[in-house]
Amino acid sequence: MPDDGVTAQSAFTCNGVERRFSGAPDRLLIDVLRDDLGLTGTKLGCGTGDCGACTVLLDGDVVNSCLVYAAECDGADVQTIEGVAETTHGKRLIDQFVETSAVQCGICTPGFVVTGAALLANANRRLDRKEITEALSGNLCRCTGYYPIIAAIEAAMDELGEGSS
Amino acid sequence: MDLYGPRPRPLASPPRVGQGNSTEAGRGFTAQVQDVRTEALSSLPSGTSAGRYVRPPDLDTAVEYMRTPGAAVLAGGTDLIMMRASGVLDPQLLVDVKNINELRAIDVSGDVVTVGAAATMKEISGLDANRLGALVDGARVLGGPQTRARATIGGNACRASPAGDTLAGLLVLGAQIELASSNGVRVVSAGSFFAGPGSTICRPDELAVRFRLPASPGGSAYERHTYRKWLDLAIVGVGARVAFAPDGVCVDADVAVCAAAPTPLLVPEAGRALTQSSCDAKAVEDAAEALAAAVDPIDDVRATRGYRLHVLPELLRRALARAVVRARDEEGSGYAG
(Lines give C-alpha, C1' and ligand atoms only; values in the text may rest on other atoms or scores of the structure.)
Protein backbone atom coordinates (compact mmCIF):
# COMPACT_ATOMS: atom_id res chain seq x y z
CA MET A 1 0.00 0.00 0.00
CA PRO A 2 1.52 3.37 -1.01
CA ASP A 3 2.24 5.80 1.78
CA ASP A 4 0.37 8.76 0.46
CA GLY A 5 -2.92 7.03 -0.35
CA VAL A 6 -3.34 9.27 -3.39
CA THR A 7 -3.05 6.27 -5.65
CA ALA A 8 -4.99 3.36 -4.32
CA GLN A 9 -3.96 -0.19 -4.95
CA SER A 10 -5.64 -3.50 -4.57
CA ALA A 11 -5.02 -7.04 -5.69
CA PHE A 12 -7.99 -9.26 -6.32
CA THR A 13 -8.94 -12.26 -8.37
CA CYS A 14 -11.46 -11.68 -11.12
CA ASN A 15 -13.07 -14.76 -12.60
CA GLY A 16 -10.15 -16.75 -11.22
CA VAL A 17 -7.45 -14.52 -12.68
CA GLU A 18 -5.26 -12.41 -10.39
CA ARG A 19 -5.52 -8.72 -11.12
CA ARG A 20 -3.81 -5.66 -9.73
CA PHE A 21 -5.55 -2.33 -9.56
CA SER A 22 -3.63 0.90 -9.20
CA GLY A 23 -5.46 4.14 -9.70
CA ALA A 24 -7.70 6.81 -8.29
CA PRO A 25 -9.22 5.94 -4.92
CA ASP A 26 -12.69 6.69 -6.23
CA ARG A 27 -12.47 4.48 -9.31
CA LEU A 28 -15.55 2.25 -9.29
CA LEU A 29 -15.27 -1.50 -9.58
CA ILE A 30 -17.73 -1.50 -12.48
CA ASP A 31 -15.50 0.87 -14.43
CA VAL A 32 -12.39 -1.21 -13.78
CA LEU A 33 -14.23 -4.34 -14.87
CA ARG A 34 -15.66 -2.81 -18.02
CA ASP A 35 -13.00 -0.34 -19.13
CA ASP A 36 -9.76 -1.79 -17.80
CA LEU A 37 -10.48 -5.50 -17.96
CA GLY A 38 -12.77 -5.40 -20.96
CA LEU A 39 -15.42 -7.36 -19.12
CA THR A 40 -18.37 -5.49 -20.54
CA GLY A 41 -20.93 -8.08 -19.53
CA THR A 42 -21.59 -6.15 -16.34
CA LYS A 43 -23.95 -3.30 -17.18
CA LEU A 44 -24.33 0.16 -15.71
CA GLY A 45 -27.99 0.87 -15.05
CA CYS A 46 -28.69 3.50 -12.42
CA GLY A 47 -25.31 4.06 -10.78
CA THR A 48 -27.01 4.35 -7.39
CA GLY A 49 -27.52 0.77 -6.31
CA ASP A 50 -31.21 0.76 -7.16
CA CYS A 51 -31.43 -1.59 -10.14
CA GLY A 52 -28.90 -4.43 -9.82
CA ALA A 53 -27.84 -4.37 -13.47
CA CYS A 54 -24.24 -4.06 -12.28
CA THR A 55 -24.45 -7.08 -9.96
CA VAL A 56 -21.26 -9.07 -9.49
CA LEU A 57 -20.21 -11.54 -6.83
CA LEU A 58 -17.77 -10.21 -4.26
CA ASP A 59 -16.48 -13.00 -2.03
CA GLY A 60 -19.59 -14.93 -2.97
CA ASP A 61 -22.07 -12.17 -2.14
CA VAL A 62 -24.16 -10.33 -4.71
CA VAL A 63 -23.15 -6.67 -4.68
CA ASN A 64 -23.75 -3.63 -6.86
CA SER A 65 -20.40 -2.95 -8.50
CA CYS A 66 -21.41 0.67 -9.01
CA LEU A 67 -21.15 1.09 -5.24
CA VAL A 68 -17.77 -0.53 -4.71
CA TYR A 69 -14.45 1.20 -5.22
CA ALA A 70 -11.82 -0.99 -6.88
CA ALA A 71 -9.55 0.03 -4.02
CA GLU A 72 -11.81 -1.77 -1.57
CA CYS A 73 -11.34 -5.12 -3.31
CA ASP A 74 -7.91 -6.04 -1.99
CA GLY A 75 -7.83 -9.75 -1.33
CA ALA A 76 -11.30 -10.25 -2.72
CA ASP A 77 -12.69 -12.80 -5.13
CA VAL A 78 -14.73 -11.11 -7.83
CA GLN A 79 -16.95 -13.04 -10.23
CA THR A 80 -18.61 -11.25 -13.10
CA ILE A 81 -21.20 -12.59 -15.52
CA GLU A 82 -18.35 -13.77 -17.74
CA GLY A 83 -17.11 -16.02 -14.97
CA VAL A 84 -20.53 -17.08 -13.76
CA ALA A 85 -21.55 -18.05 -17.30
CA GLU A 86 -18.80 -20.68 -17.29
CA THR A 87 -19.98 -22.34 -14.08
CA THR A 88 -22.33 -25.30 -13.94
CA HIS A 89 -25.06 -23.27 -12.31
CA GLY A 90 -24.53 -20.36 -14.67
CA LYS A 91 -24.75 -22.53 -17.78
CA ARG A 92 -27.83 -24.29 -16.51
CA LEU A 93 -29.50 -20.99 -15.72
CA ILE A 94 -28.61 -19.43 -19.07
CA ASP A 95 -30.14 -22.42 -20.86
CA GLN A 96 -33.31 -21.90 -18.89
CA PHE A 97 -33.31 -18.16 -19.61
CA VAL A 98 -33.41 -19.10 -23.29
CA GLU A 99 -36.13 -21.69 -22.72
CA THR A 100 -38.41 -19.32 -20.84
CA SER A 101 -37.69 -16.27 -23.02
CA ALA A 102 -36.39 -14.42 -20.01
CA VAL A 103 -34.35 -12.02 -22.15
CA GLN A 104 -35.80 -9.07 -24.07
CA CYS A 105 -33.52 -6.07 -24.21
CA GLY A 106 -30.97 -7.95 -22.15
CA ILE A 107 -29.62 -5.10 -20.07
CA CYS A 108 -30.77 -6.65 -16.78
CA THR A 109 -29.85 -10.17 -17.79
CA PRO A 110 -26.24 -10.35 -16.63
CA GLY A 111 -27.28 -9.05 -13.21
CA PHE A 112 -30.13 -11.56 -12.97
CA VAL A 113 -27.93 -14.47 -14.06
CA VAL A 114 -25.28 -13.58 -11.49
CA THR A 115 -27.88 -13.26 -8.74
CA GLY A 116 -29.74 -16.37 -9.89
CA ALA A 117 -26.62 -18.49 -10.17
CA ALA A 118 -25.52 -17.44 -6.69
CA LEU A 119 -28.96 -18.42 -5.43
CA LEU A 120 -28.67 -21.84 -7.06
CA ALA A 121 -25.21 -22.33 -5.64
CA ASN A 122 -26.17 -21.33 -2.09
CA ALA A 123 -29.60 -22.93 -1.83
CA ASN A 124 -29.66 -26.15 0.14
CA ARG A 125 -33.18 -26.97 -0.97
CA ARG A 126 -35.66 -26.06 -3.67
CA LEU A 127 -36.83 -22.55 -2.76
CA ASP A 128 -40.40 -21.47 -3.29
CA ARG A 129 -41.45 -18.64 -5.58
CA LYS A 130 -41.65 -16.12 -2.75
CA GLU A 131 -38.11 -16.89 -1.63
CA ILE A 132 -36.80 -16.71 -5.18
CA THR A 133 -38.58 -13.41 -5.76
CA GLU A 134 -37.12 -11.96 -2.58
CA ALA A 135 -33.65 -13.06 -3.58
CA LEU A 136 -34.16 -11.20 -6.86
CA SER A 137 -35.59 -8.10 -5.22
CA GLY A 138 -32.43 -6.10 -5.90
CA ASN A 139 -32.63 -6.69 -9.65
CA LEU A 140 -35.06 -4.74 -11.79
CA CYS A 141 -36.34 -5.61 -15.26
CA ARG A 142 -38.33 -3.21 -17.40
CA CYS A 143 -39.18 -5.63 -20.18
CA THR A 144 -40.21 -9.10 -19.14
CA GLY A 145 -42.48 -8.54 -16.17
CA TYR A 146 -40.22 -10.90 -14.21
CA TYR A 147 -42.26 -14.11 -14.63
CA PRO A 148 -40.03 -15.71 -17.27
CA ILE A 149 -36.96 -14.90 -15.15
CA ILE A 150 -38.48 -16.46 -12.05
CA ALA A 151 -39.64 -19.44 -14.12
CA ALA A 152 -36.10 -19.92 -15.43
CA ILE A 153 -34.72 -20.03 -11.92
CA GLU A 154 -37.43 -22.39 -10.75
CA ALA A 155 -36.74 -24.69 -13.69
CA ALA A 156 -33.01 -24.60 -12.99
CA MET A 157 -33.70 -25.42 -9.36
CA ASP A 158 -35.92 -28.33 -10.34
CA GLU A 159 -33.21 -29.60 -12.68
CA LEU A 160 -30.69 -29.39 -9.87
CA GLY A 161 -33.02 -31.32 -7.61
CA GLU A 162 -33.44 -34.09 -10.17
CA GLY A 163 -29.75 -34.36 -10.79
CA SER A 164 -28.61 -34.30 -7.17
CA SER A 165 -27.51 -37.48 -5.48
CA MET B 1 -29.15 17.90 2.13
CA ASP B 2 -32.08 15.88 0.93
CA LEU B 3 -33.85 14.55 3.98
CA TYR B 4 -34.24 11.08 2.58
CA GLY B 5 -30.97 10.69 0.76
CA PRO B 6 -29.58 11.79 -2.56
CA ARG B 7 -31.47 11.32 -5.79
CA PRO B 8 -29.75 9.99 -8.91
CA ARG B 9 -28.42 12.74 -11.12
CA PRO B 10 -31.07 14.09 -13.47
CA LEU B 11 -30.53 14.07 -17.20
CA ALA B 12 -28.83 17.23 -18.44
CA SER B 13 -31.87 17.81 -20.65
CA PRO B 14 -34.71 15.44 -21.44
CA PRO B 15 -34.21 13.07 -24.37
CA ARG B 16 -36.19 14.01 -27.45
CA VAL B 17 -38.64 11.40 -28.62
CA GLY B 18 -38.95 10.27 -32.20
CA GLN B 19 -35.61 11.32 -33.62
CA GLY B 20 -33.24 8.79 -35.09
CA ASN B 21 -29.49 8.85 -35.19
CA SER B 22 -29.20 9.95 -38.78
CA THR B 23 -30.32 13.52 -38.29
CA GLU B 24 -28.39 16.37 -36.77
CA ALA B 25 -30.83 16.39 -33.89
CA GLY B 26 -30.55 12.62 -33.56
CA ARG B 27 -26.81 12.80 -33.18
CA GLY B 28 -27.34 15.41 -30.52
CA PHE B 29 -29.58 12.98 -28.67
CA THR B 30 -26.91 10.30 -28.73
CA ALA B 31 -24.39 12.79 -27.43
CA GLN B 32 -26.73 13.66 -24.55
CA VAL B 33 -27.07 10.00 -23.61
CA GLN B 34 -23.33 9.63 -23.66
CA ASP B 35 -22.89 12.63 -21.40
CA VAL B 36 -25.31 11.24 -18.88
CA ARG B 37 -23.56 7.90 -18.94
CA THR B 38 -20.19 9.49 -18.33
CA GLU B 39 -21.66 11.46 -15.46
CA ALA B 40 -22.89 8.27 -13.87
CA LEU B 41 -19.41 6.81 -13.91
CA SER B 42 -16.71 7.39 -11.41
CA SER B 43 -15.47 10.79 -12.56
CA LEU B 44 -16.22 13.43 -10.01
CA PRO B 45 -17.37 16.94 -10.83
CA SER B 46 -14.38 18.86 -12.14
CA GLY B 47 -12.49 20.68 -9.42
CA THR B 48 -13.03 17.92 -6.88
CA SER B 49 -9.96 15.91 -6.03
CA ALA B 50 -10.23 12.17 -5.99
CA GLY B 51 -9.10 12.30 -2.38
CA ARG B 52 -7.00 9.66 -0.72
CA TYR B 53 -7.78 6.16 0.40
CA VAL B 54 -6.28 4.19 3.25
CA ARG B 55 -7.08 0.80 4.67
CA PRO B 56 -5.92 0.64 8.31
CA PRO B 57 -5.40 -2.83 9.76
CA ASP B 58 -6.48 -1.89 13.28
CA LEU B 59 -8.49 0.61 15.25
CA ASP B 60 -5.55 2.64 16.55
CA THR B 61 -4.33 3.31 13.03
CA ALA B 62 -7.84 4.22 11.93
CA VAL B 63 -8.21 6.64 14.85
CA GLU B 64 -4.95 8.28 13.85
CA TYR B 65 -6.13 8.66 10.24
CA MET B 66 -9.41 10.16 11.40
CA ARG B 67 -7.50 13.13 12.78
CA THR B 68 -6.91 14.23 9.18
CA PRO B 69 -9.22 17.12 8.31
CA GLY B 70 -11.85 15.89 5.87
CA ALA B 71 -11.43 12.25 6.83
CA ALA B 72 -14.48 10.03 6.48
CA VAL B 73 -15.11 6.42 7.30
CA LEU B 74 -15.75 4.15 4.35
CA ALA B 75 -17.64 1.08 5.46
CA GLY B 76 -20.33 -0.36 3.17
CA GLY B 77 -20.18 2.60 0.84
CA THR B 78 -23.80 2.23 -0.22
CA ASP B 79 -24.53 5.82 0.75
CA LEU B 80 -21.06 7.39 0.73
CA ILE B 81 -20.08 6.36 -2.78
CA MET B 82 -23.28 7.71 -4.24
CA MET B 83 -23.13 10.95 -2.26
CA ARG B 84 -19.54 11.43 -3.29
CA ALA B 85 -20.32 10.89 -6.95
CA SER B 86 -23.09 13.47 -6.84
CA GLY B 87 -20.92 15.96 -4.99
CA VAL B 88 -22.94 15.99 -1.77
CA LEU B 89 -19.91 14.73 0.14
CA ASP B 90 -16.29 15.46 -0.58
CA PRO B 91 -14.13 13.56 1.89
CA GLN B 92 -10.44 14.28 1.54
CA LEU B 93 -9.46 10.96 3.05
CA LEU B 94 -11.40 7.73 2.90
CA VAL B 95 -10.65 5.50 5.86
CA ASP B 96 -11.73 1.99 4.86
CA VAL B 97 -12.53 0.20 8.12
CA LYS B 98 -13.47 -3.19 6.69
CA ASN B 99 -10.09 -4.73 7.51
CA ILE B 100 -10.45 -3.99 11.23
CA ASN B 101 -11.58 -7.23 12.82
CA GLU B 102 -12.99 -5.70 15.97
CA LEU B 103 -15.26 -3.48 13.89
CA ARG B 104 -16.69 -6.50 12.08
CA ALA B 105 -17.10 -8.76 15.09
CA ILE B 106 -20.50 -9.77 16.41
CA ASP B 107 -20.59 -11.35 19.88
CA VAL B 108 -23.83 -12.89 21.11
CA SER B 109 -22.24 -15.03 23.78
CA GLY B 110 -22.91 -12.78 26.78
CA ASP B 111 -25.83 -10.89 28.22
CA VAL B 112 -24.79 -7.85 26.24
CA VAL B 113 -24.70 -8.42 22.50
CA THR B 114 -21.97 -6.43 20.79
CA VAL B 115 -22.21 -5.68 17.08
CA GLY B 116 -19.21 -4.15 15.35
CA ALA B 117 -19.92 -0.93 13.48
CA ALA B 118 -18.79 -2.56 10.24
CA ALA B 119 -21.07 -5.57 10.62
CA THR B 120 -23.27 -5.80 7.54
CA MET B 121 -27.04 -5.90 7.29
CA LYS B 122 -26.67 -9.39 5.88
CA GLU B 123 -24.77 -10.54 8.97
CA ILE B 124 -27.20 -8.84 11.33
CA SER B 125 -30.14 -10.40 9.47
CA GLY B 126 -28.94 -13.78 10.67
CA LEU B 127 -29.06 -12.90 14.38
CA ASP B 128 -31.72 -14.22 16.74
CA ALA B 129 -34.95 -12.35 16.10
CA ASN B 130 -36.35 -13.43 19.46
CA ARG B 131 -33.54 -11.56 21.11
CA LEU B 132 -32.96 -8.61 18.76
CA GLY B 133 -36.17 -8.55 16.74
CA ALA B 134 -36.46 -4.85 15.96
CA LEU B 135 -32.86 -4.65 14.78
CA VAL B 136 -33.01 -7.89 12.77
CA ASP B 137 -36.29 -6.86 11.13
CA GLY B 138 -34.73 -3.57 10.02
CA ALA B 139 -31.59 -5.22 8.72
CA ARG B 140 -33.68 -7.65 6.67
CA VAL B 141 -35.65 -4.98 4.81
CA LEU B 142 -33.04 -2.30 4.20
CA GLY B 143 -32.41 -1.87 0.48
CA GLY B 144 -32.04 -5.12 -1.42
CA PRO B 145 -29.79 -8.18 -1.21
CA GLN B 146 -26.93 -6.37 -2.93
CA THR B 147 -27.21 -3.42 -0.55
CA ARG B 148 -27.42 -5.63 2.51
CA ALA B 149 -24.24 -7.48 1.61
CA ARG B 150 -22.34 -4.21 2.05
CA ALA B 151 -24.34 -1.74 4.16
CA THR B 152 -23.29 -1.61 7.79
CA ILE B 153 -24.96 -0.77 11.08
CA GLY B 154 -22.36 1.93 11.70
CA GLY B 155 -23.16 3.47 8.35
CA ASN B 156 -26.90 3.34 8.91
CA ALA B 157 -26.53 5.00 12.31
CA CYS B 158 -23.95 7.61 11.34
CA ARG B 159 -25.77 8.52 8.12
CA ALA B 160 -28.64 9.30 10.51
CA SER B 161 -31.37 9.39 7.93
CA PRO B 162 -34.59 9.84 9.90
CA ALA B 163 -35.85 6.84 7.90
CA GLY B 164 -32.94 4.51 8.67
CA ASP B 165 -34.36 1.02 8.99
CA THR B 166 -32.20 -0.20 11.86
CA LEU B 167 -32.51 2.94 13.92
CA ALA B 168 -35.90 2.37 15.57
CA GLY B 169 -34.51 -1.01 16.62
CA LEU B 170 -31.43 0.56 18.16
CA LEU B 171 -33.70 2.87 20.14
CA VAL B 172 -36.16 0.31 21.52
CA LEU B 173 -33.34 -2.11 22.30
CA GLY B 174 -31.53 0.57 24.30
CA ALA B 175 -28.37 0.40 22.23
CA GLN B 176 -25.20 2.06 23.41
CA ILE B 177 -22.80 3.29 20.74
CA GLU B 178 -19.07 3.20 21.33
CA LEU B 179 -17.19 6.01 19.59
CA ALA B 180 -13.43 6.28 19.34
CA SER B 181 -11.14 9.17 18.54
CA SER B 182 -7.66 10.27 19.49
CA ASN B 183 -9.30 11.75 22.60
CA GLY B 184 -10.31 8.29 23.72
CA VAL B 185 -13.47 6.28 23.77
CA ARG B 186 -16.91 7.44 24.75
CA VAL B 187 -20.18 5.57 24.91
CA VAL B 188 -23.37 7.30 23.90
CA SER B 189 -26.92 6.01 24.13
CA ALA B 190 -28.74 5.62 20.82
CA GLY B 191 -31.37 7.92 22.24
CA SER B 192 -28.94 10.80 22.40
CA PHE B 193 -26.98 9.95 19.26
CA PHE B 194 -29.16 11.54 16.60
CA ALA B 195 -29.10 15.33 16.35
CA GLY B 196 -31.12 16.05 13.22
CA PRO B 197 -31.73 14.84 9.67
CA GLY B 198 -28.41 13.40 8.53
CA SER B 199 -26.60 14.55 11.62
CA THR B 200 -25.32 12.95 14.82
CA ILE B 201 -23.38 14.03 17.88
CA CYS B 202 -20.22 12.45 16.44
CA ARG B 203 -17.25 14.76 16.24
CA PRO B 204 -15.52 14.93 12.83
CA ASP B 205 -12.63 12.81 14.04
CA GLU B 206 -14.75 10.14 15.69
CA LEU B 207 -15.68 6.77 14.34
CA ALA B 208 -18.24 4.30 15.60
CA VAL B 209 -16.62 1.13 16.88
CA ARG B 210 -19.43 -1.09 18.11
CA PHE B 211 -22.99 -1.17 19.25
CA ARG B 212 -23.82 -2.65 22.63
CA LEU B 213 -27.25 -4.14 23.01
CA PRO B 214 -28.04 -4.93 26.63
CA ALA B 215 -30.11 -7.94 27.49
CA SER B 216 -33.58 -6.59 26.88
CA PRO B 217 -36.44 -8.50 28.38
CA GLY B 218 -39.27 -9.51 26.12
CA GLY B 219 -39.45 -9.31 22.37
CA SER B 220 -39.25 -6.56 19.80
CA ALA B 221 -40.12 -5.92 16.18
CA TYR B 222 -39.88 -3.30 13.46
CA GLU B 223 -42.61 -2.68 10.93
CA ARG B 224 -42.43 -0.13 8.14
CA HIS B 225 -44.66 1.09 5.34
CA THR B 226 -43.27 1.25 1.84
CA TYR B 227 -44.86 1.52 -1.57
CA ARG B 228 -42.63 -1.15 -3.10
CA LYS B 229 -42.10 -4.42 -1.31
CA TRP B 230 -38.34 -4.10 -1.53
CA LEU B 231 -35.65 -1.61 -2.54
CA ASP B 232 -37.53 1.24 -0.98
CA LEU B 233 -37.20 3.74 1.84
CA ALA B 234 -39.63 3.75 4.74
CA ILE B 235 -42.58 6.12 4.44
CA VAL B 236 -42.75 5.68 8.19
CA GLY B 237 -41.61 2.88 10.49
CA VAL B 238 -42.29 1.75 14.04
CA GLY B 239 -40.12 -0.25 16.42
CA ALA B 240 -41.67 -1.76 19.51
CA ARG B 241 -40.42 -3.81 22.42
CA VAL B 242 -42.59 -5.41 25.11
CA ALA B 243 -41.88 -7.63 28.08
CA PHE B 244 -44.42 -9.47 30.20
CA ALA B 245 -44.55 -10.73 33.73
CA PRO B 246 -45.67 -14.34 34.13
CA ASP B 247 -49.22 -13.17 34.80
CA GLY B 248 -49.39 -11.58 31.34
CA VAL B 249 -49.05 -7.96 32.38
CA CYS B 250 -46.73 -5.87 30.28
CA VAL B 251 -44.01 -4.64 32.61
CA ASP B 252 -41.72 -2.95 30.15
CA ALA B 253 -42.30 -1.39 26.76
CA ASP B 254 -40.54 0.91 24.34
CA VAL B 255 -41.81 2.39 21.11
CA ALA B 256 -39.75 4.26 18.53
CA VAL B 257 -40.63 5.72 15.19
CA CYS B 258 -38.64 6.52 12.07
CA ALA B 259 -39.34 8.86 9.16
CA ALA B 260 -41.85 10.79 11.24
CA ALA B 261 -39.60 13.37 12.88
CA PRO B 262 -36.25 15.05 12.22
CA THR B 263 -34.56 12.06 13.81
CA PRO B 264 -35.54 8.49 14.63
CA LEU B 265 -37.50 9.02 17.82
CA LEU B 266 -38.05 7.08 20.99
CA VAL B 267 -41.53 7.91 22.31
CA PRO B 268 -41.65 7.24 26.06
CA GLU B 269 -45.31 8.19 26.32
CA ALA B 270 -46.26 5.39 23.95
CA GLY B 271 -44.23 2.89 25.97
CA ARG B 272 -45.88 4.09 29.18
CA ALA B 273 -49.34 3.58 27.67
CA LEU B 274 -48.51 -0.09 27.25
CA THR B 275 -46.93 -0.86 30.59
CA GLN B 276 -49.18 -2.22 33.30
CA SER B 277 -51.57 -3.31 30.56
CA SER B 278 -52.05 -6.59 28.79
CA CYS B 279 -51.34 -4.89 25.47
CA ASP B 280 -55.03 -5.19 24.66
CA ALA B 281 -56.67 -3.15 21.94
CA LYS B 282 -57.39 -0.24 24.25
CA ALA B 283 -53.80 0.01 25.45
CA VAL B 284 -52.55 -0.14 21.88
CA GLU B 285 -54.98 2.61 20.93
CA ASP B 286 -53.70 4.76 23.77
CA ALA B 287 -50.15 4.10 22.67
CA ALA B 288 -51.03 5.04 19.10
CA GLU B 289 -52.50 8.31 20.30
CA ALA B 290 -49.39 9.06 22.30
CA LEU B 291 -47.31 8.24 19.24
CA ALA B 292 -49.31 10.56 17.00
CA ALA B 293 -48.96 13.37 19.52
CA ALA B 294 -45.20 12.98 19.75
CA VAL B 295 -44.26 12.81 16.09
CA ASP B 296 -43.96 15.59 13.58
CA PRO B 297 -44.01 14.10 10.09
CA ILE B 298 -43.55 16.27 7.05
CA ASP B 299 -44.94 16.45 3.55
CA ASP B 300 -42.30 15.32 1.10
CA VAL B 301 -41.94 13.55 -2.24
CA ARG B 302 -42.76 10.24 -0.65
CA ALA B 303 -45.87 11.00 1.38
CA THR B 304 -47.85 13.70 3.10
CA ARG B 305 -47.85 14.38 6.80
CA GLY B 306 -51.46 13.29 6.93
CA TYR B 307 -50.73 9.96 5.24
CA ARG B 308 -47.87 9.21 7.60
CA LEU B 309 -50.08 9.92 10.60
CA HIS B 310 -52.77 7.77 9.02
CA VAL B 311 -50.62 4.64 8.68
CA LEU B 312 -48.77 5.01 11.97
CA PRO B 313 -51.35 3.30 14.23
CA GLU B 314 -51.55 0.23 12.01
CA LEU B 315 -47.78 -0.06 11.92
CA LEU B 316 -47.72 0.12 15.70
CA ARG B 317 -50.34 -2.63 15.91
CA ARG B 318 -48.35 -4.88 13.58
CA ALA B 319 -45.02 -4.20 15.27
CA LEU B 320 -46.55 -4.89 18.67
CA ALA B 321 -48.25 -8.08 17.47
CA ARG B 322 -44.94 -9.47 16.34
CA ALA B 323 -43.09 -8.21 19.41
CA VAL B 324 -45.65 -9.89 21.65
CA VAL B 325 -45.22 -13.22 19.86
CA ARG B 326 -41.47 -12.98 20.28
CA ALA B 327 -41.80 -11.94 23.90
CA ARG B 328 -43.92 -14.99 24.65
CA ASP B 329 -41.73 -17.32 22.59
CA GLU B 330 -38.67 -16.46 24.59
CA GLU B 331 -37.57 -19.10 27.03
CA GLY B 332 -38.11 -17.99 30.58
CA SER B 333 -40.97 -15.75 29.40
CA GLY B 334 -38.71 -12.78 29.16
CA TYR B 335 -38.84 -11.13 32.53
CA ALA B 336 -37.17 -12.33 35.69
CA GLY B 337 -39.46 -11.04 38.41
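The values are calculated or read from the model by the stated rules, or taken from the named source; none is laboratory data. Just so it is clear, the model here is predicted, and its values are computed rather than measured. All Cβ positions, glycine included, derive from the backbone under ideal geometry; neighbour counts span all protein chains shown. Only protein heavy atoms, including side chains, enter the accessible area calculation; ligands, DNA and RNA are left aside. Shrake-Rupley method; radii C 1.70, N 1.55, O 1.52, S 1.80 Å.
Listed here are the residues, each with its yes/no results for (1) exposed (fewer than 15 other Cβ atoms within 10 Å of the Cβ); (2) modelled with pLDDT under 95; (3) out of contact with any strand residue (DSSP E or B) (no Cβ under 7 Å at 6 or more places or on another chain); (4) closer than 18 Å to residue B:231 by Cβ.
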{"site": "A:121", "(1), (2), (3), (4)": "no, no, yes, no"}
{"site": "A:124", "(1), (2), (3), (4)": "yes, yes, yes, no"}
{"site": "A:133", "(1), (2), (3), (4)": "no, no, yes, yes"}
{"site": "A:145", "(1), (2), (3), (4)": "yes, no, yes, yes"}
{"site": "A:148", "(1), (2), (3), (4)": "no, no, yes, no"}
{"site": "A:155", "(1), (2), (3), (4)": "no, no, yes, no"}
{"site": "A:165", "(1), (2), (3), (4)": "yes, yes, yes, no"}
* Asked: If you go through the range B:179-188 one residue at a time, do you hit one that is surrounded by 20 or more Cβ atoms within 10 Å (Cβ to Cβ) and under 26 Å from residue B:224 (Cα atoms)?
  -> no
* Quick check: is even one residue across the range B:257-268 over 19 Å from residue B:218 (Cα atoms) and part of a helix (DSSP H, G or I)? -> no
* **Every residue from the range B:152-170 that is open to solvent by less than 10 Å² (accessible area, probe 1.4 Å) and hydrophobic (A, V, I, L, M, F, W, C)** => B:153, B:157, B:160, B:163, B:167, B:168, B:170
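Filter the helices (runs of 4 or more DSSP H) completely within the range A:60-129 down to those with at least 2 residues that are closer than 18 Å to residue A:41 by Cβ and free of Cβ contacts under 8 Å to residues at least 24 places away in the same chain. Reasoning before the result, please.
On the way: elements: A:81-84, A:88-99, A:109-122.
Correct list: A:88-99.
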* Is at least one residue of the range B:233-256 within 14 Å of another protein chain (Cβ to nearest Cβ), surrounded by fewer than 24 Cβ atoms within 10 Å (Cβ to Cβ), part of a loop (DSSP other than H, G, I, E, B) and touching a residue at least 12 places away in the same chain (Cβ under 8 Å)? -> yes
* The lone exception for residue A:52 - which of (1) touching a Phe, Trp or Tyr at 6+ places or on another chain (Cβ under 7 Å); (2) surrounded by 24 or more Cβ atoms within 10 Å (Cβ to Cβ); (3) within 12 Å of chain B (Cβ to nearest Cβ) it fails -> (1)
* Asked: In this structure, is residue A:62 within 14 Å of chain B (Cβ to nearest Cβ), β-branched (Val, Ile, Thr), under 20 Å from residue B:230 (Cβ atoms) and open to solvent by 10 Å² or more (accessible area, probe 1.4 Å)?
  -> yes
* Asked: What's the number of the condition residue A:6 fails, among (1) crowded, with 17+ Cβ neighbours inside 10 Å; (2) under 17 Å from residue B:96 (Cβ atoms)?
  -> (1)
* Asked: Tell me, which helices (runs of 4 or more DSSP H) wholly within the range B:59-170 include 3 or more residues that are within 14 Å of the chain's Cα centre (by Cα)?
  -> B:121-125, B:129-141, B:153-159
* Structure fact -> Those residues of the range B:135-151 which are open to solvent by less than 10 Å² (accessible area, probe 1.4 Å), within 15 Å of residue B:226 (Cβ to Cβ) and within 14 Å of another protein chain (Cβ to nearest Cβ) amount to B:144
* Scan (1) open to solvent by 60 Å² or more (accessible area, probe 1.4 Å); (2) modelled with pLDDT of 95 or more for the single condition residue A:77 breaks and write down its number. => (1)
